Amino acid sequence: MAKQAPVVTAVTSISAPIEDVWRVLVAFDQYAQWHPVLSLDAKPEQVVVGAEVPGRVSDGDSAAQDVTMRIVDVEAPRRLVWEGGSLDAVLGRHSFVLTQQPDGTAELTDSEEFHGADAAELVAILDQLRENYPRYGAALRARVEGPSG
């Protein structure tokens, strides 16, 4: 029987239509202005399946790490999925799903599944990741709901 892939999920409610959230989510060149750990080097027009999105992860505790994500699924304005890493070590499949709620708010489900030879080793830090992911949703909410959103 295959082991369940380690996964981290956070759900955030944002007081805006999903189209407004989507606009911020795909403005990759603006991530450094609001995301706590991720900066990306791509423009919104590069949000297409197969596009490579270079970036940097810097959590403040360690040196910045260069990353490259490959977009594997796009259903504007509802779903964006990218992958980064390698099955030889750890491959992260990160999905953002937006659902418009009846009260007019957008619900963001931000989830990442980890696969690969070393994915099981991530179990030790899953609790830390689960603490961090809500911060990312909160930062996105602040950006969308804020004066410059």
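The values are calculated or read from the model by the stated rules, or taken from the named source; none is laboratory data. A quick note: this is a predicted structure, and the numbers were derived from the prediction, not measured. Cβ placement follows ideal geometry from the backbone for every residue including glycine, while neighbour counts extend to all protein chains displayed.
Observations on the model:
- Members of region 28-50 found to be part of a loop (DSSP other than H, G, I, E, B) and either within 14 Å of the chain's Cα centre (by Cα) or surrounded by fewer than 17 Cβ atoms within 10 Å (Cβ to Cβ) (or both), listed by number: Trp34, His35, Pro36, Val37, Asp41, Lys43, Val47, Val48, Val49, Gly50
- There is no residue in region 52-72 that is under 17 Å from Leu108 (Cβ atoms) and either of a type outside the set (Lys, Arg) or at pLDDT 95 or above (or both).
- Residue pairs whose Cβ atoms lie under 6 Å apart, sitting 6 or more positions apart in sequence or on different chains, and linking a residue in region 88-105 that is within 18 Å of Arg23 (Cα to Cα) and β-branched (Val, Ile, Thr) to a partner that is part of a strand (DSSP E or B) and modelled with pLDDT of 95 or more, are Val97/Arg79; Val97/Thr109; Thr99/Glu107; Thr105/Ser13.
- The conditions of being charged (D, E, K, R), out of contact with any Lys or Arg (no Cβ under 8 Å at 6 or more places or on another chain), surrounded by 15 or more Cβ atoms within 10 Å (Cβ to Cβ) and over 25 Å from Glu19 (Cα atoms) are not met by Arg130.
- Meets criteria (under 22 Å from Thr12 (Cα atoms), among the charged types (D, E, K, R) and assigned to a loop (DSSP other than H, G, I, E, B)) for Asp59: yes
- Each residue in region 79-109 was checked for being surrounded by 14 or more Cβ atoms within 10 Å (Cβ to Cβ), over 17 Å from Leu40 (Cα atoms) and either at pLDDT 95 or above or among the basic types (Lys, Arg) (or both), and 9 pass.
- For region 112-140, the set of residues classified as within 17 Å of Ser39 (Cα to Cα) and in contact with a helix residue (DSSP H, G or I) (Cβ under 9 Å, 6 or more places away or on another chain) consists of Leu140 only.
- Checking Ile18 against (1) in contact with a strand residue (DSSP E or B) (Cβ under 8 Å, 6 or more places away or on another chain); (2) of a type outside the set (Phe, Trp, Tyr); (3) more than 18 Å from His94 (Cα to Cα); (4) free of Cβ contacts under 8 Å to residues at least 24 places away in the same chain, the condition it does not meet: (4)
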